[in-house]
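Enquirer: Just dropping this structure here.
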Amino acid sequence: MAKKTHKLSIWEVYKTSRPVWWITTAAPFVAGYLVVHPQVDDPAMLWIGTVYFAICYNLLMYGINDIFDYESDIRNPRKTGVLVKQKHLPLIGVILALNIPFWVYFVVVGGWPSTIWLVLMLFMVVAYSVKGLRFKEVPFLDSLTSSFHYTSPFIFGVLLSGGQYLWLPAWLAFFIWAMGNHALGAIQDIKPDREAGIASIATKLGAEKTIVFCLSAYIAAAVLPVLYYGWRGLLVTIVLLWYVLFMASAIPFRHRSDHVVFRRMWRMLTFMNYVAGGLISIYLLWLGATLR
């Protein structure tokens, strides 16, 4: 019989960081940085920030989540490959070893606005999962915090590069859209979460009202760019209307949170986010250059 080892492997660290989601936090940072400096005055800062938000930030976010979700994850049949408890402490060590040098760098090269924003980002990452806070188990605050995780790198990119114009309306639309994404993902976990006594926006509202929440978020996110930027925001609105139609397709299944359609929609969402994120990022960079 093969002897079990509790040594943390590089492969396990890699999987914990959720590489499929790296681009969802790295791309907003890059977009935020480049709308301020499209000519890339400091390529080292851009590359260091990109590496951090692609890999280390995600390892921090998902690693902490996996550690504090361990008890519920081992009871959730949808969760596979859960990291054993004996590897949690080594994982914390790796997380700190990889993140701290970047934090020091950002404080040294950035100003006080970017430093304060970074501290807020790190607090939200920790508060989402750790005992005593567990924002992820507070309905509505769970979606808000999760959205902040993915959208805040955009503002950090703007601040780190010394930008004064924060593109807040664009960020607000991004933020509301991300809240809709989180709520959609929570629908498929309504049954196991309720059985485990875990609260979420979806367990609070139920599938039908969560769908309404998602539709409202996607509609608001689609309308905001046109309201604030006029015709310049039209392309973003058109792209985001894709999500409105996508979410509307779930209405016939609103009374069946355990229906396979919600798992399929969650997988489809990854593809949609890659396409929509790429189109909007390119357009935002072009728009930023024209408004300079």
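Here's the yes/no breakdown for (1) surrounded by 16 or more Cβ atoms within 10 Å (Cβ to Cβ); (2) within 24 Å of Tyr70 (Cβ to Cβ); (3) more than 15 Å from the chain's Cα centre (by Cα); (4) modelled with pLDDT of 95 or more:
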residue: Val108; (1), (2), (3), (4): no, no, yes, yes
residue: Lys131; (1), (2), (3), (4): no, yes, yes, no
residue: Glu137; (1), (2), (3), (4): yes, yes, yes, no
residue: Ser152; (1), (2), (3), (4): yes, no, no, yes
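Enquirer: Please verify whether segment 65-73 includes one or more residues that are modelled with pLDDT of 85 or more, part of a helix (DSSP H, G or I) and either polar (S, T, N, Q) or under 16 Å from Ser152 (Cβ atoms) (or both).
Expert: Yes, because at least one residue in segment 65-73 is modelled with pLDDT of 85 or more, part of a helix (DSSP H, G or I) and either polar (S, T, N, Q) or under 16 Å from Ser152 (Cβ atoms) (or both).
Enquirer: Right, another one. Of the residues Ile238, Ile211, Ile251, only one is among the hydrophobic types (A, V, I, L, M, F, W, C) and open to solvent by less than 20 Å² (accessible area, probe 1.4 Å); which?
Expert: Answer to the check: Ile211.
Enquirer: Could you check, for segment 212-232, whether at least one of its residues is under 22 Å from the mean Cα position of the chain (by Cα), of a type in the set (Gly, Ala, Ser) and farther than 19 Å from Phe140 by Cβ?
Expert: yes
Enquirer: Taking the condition of being open to solvent by less than 50 Å² (accessible area, probe 1.4 Å) and in contact (Cβ under 8 Å) with a residue 12 or more places away in the chain, how many residues in segment 39-81 meet it?
Expert: So the answer is 23.
For (1) touching a Ser or Thr at 6+ places or on another chain (Cβ under 8 Å); (2) assigned to a helix (DSSP H, G or I); (3) closer than 18 Å to Tyr14 by Cβ, each residue gets a yes or a no:
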| site | (1), (2), (3) |
| --- | --- |
| Arg75 | no, no, no |
| Ile95 | no, yes, yes |
| Pro101 | no, yes, no |
| Tyr105 | no, yes, no |
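Enquirer: Next up: Please indicate, with yes or no, whether at least one residue in segment 32-46 is in contact with a Pro (Cβ under 6 Å, 6 or more places away or on another chain) and within 18 Å of Val158 (Cβ to Cβ).
Expert: Taking every residue of segment 32-46 in turn, none turns out to be in contact with a Pro (Cβ under 6 Å, 6 or more places away or on another chain) and within 18 Å of Val158 (Cβ to Cβ).
Enquirer: Considering only residues of segment 123-146 that are free of Cβ contacts under 8 Å to residues at least 12 places away in the same chain and assigned to a helix (DSSP H, G or I), which is farthest from Phe213 (Cα to Cα)?
Expert: Of everything passing the filter in segment 123-146, Phe123 is farthest from Phe213 (Cα to Cα).
Enquirer: Right, another one. Determine which member of the set Trp242, Trp266 is in contact (Cβ under 8 Å) with a residue 24 or more places away in the chain, among the aromatic types (Phe, Trp, Tyr) and under 23 Å from Pro139 (Cβ atoms).
Expert: After ruling out the rest, the residue left standing is Trp266.
Enquirer: Failed condition for Leu279, given (1) open to solvent by less than 40 Å² (accessible area, probe 1.4 Å); (2) without any contact (Cβ under 8 Å) to a residue 60 or more places away in the chain; (3) of a type in the set (A, V, I, L, M), with all others met?
Expert: (1)
Enquirer: May I pose another question? Within segment 82-93, work out how many residues are assigned to a helix (DSSP H, G or I) and without any contact (Cβ under 8 Å) to a residue 40 or more places away in the chain.
Expert: Residues that pass the stated criteria total 5.
The values are calculated or read from the model by the stated rules, or taken from the named source; none is laboratory data. These numbers were taken from a predicted model, which means no experiment stands behind them. Cβ atoms come from the backbone with ideal geometry, glycine included; neighbour counts cover every protein chain shown. Protein only, heavy atoms only, side chains kept; ligands, DNA and RNA dropped before computing areas. Shrake-Rupley method; radii C 1.70, N 1.55, O 1.52, S 1.80 Å.
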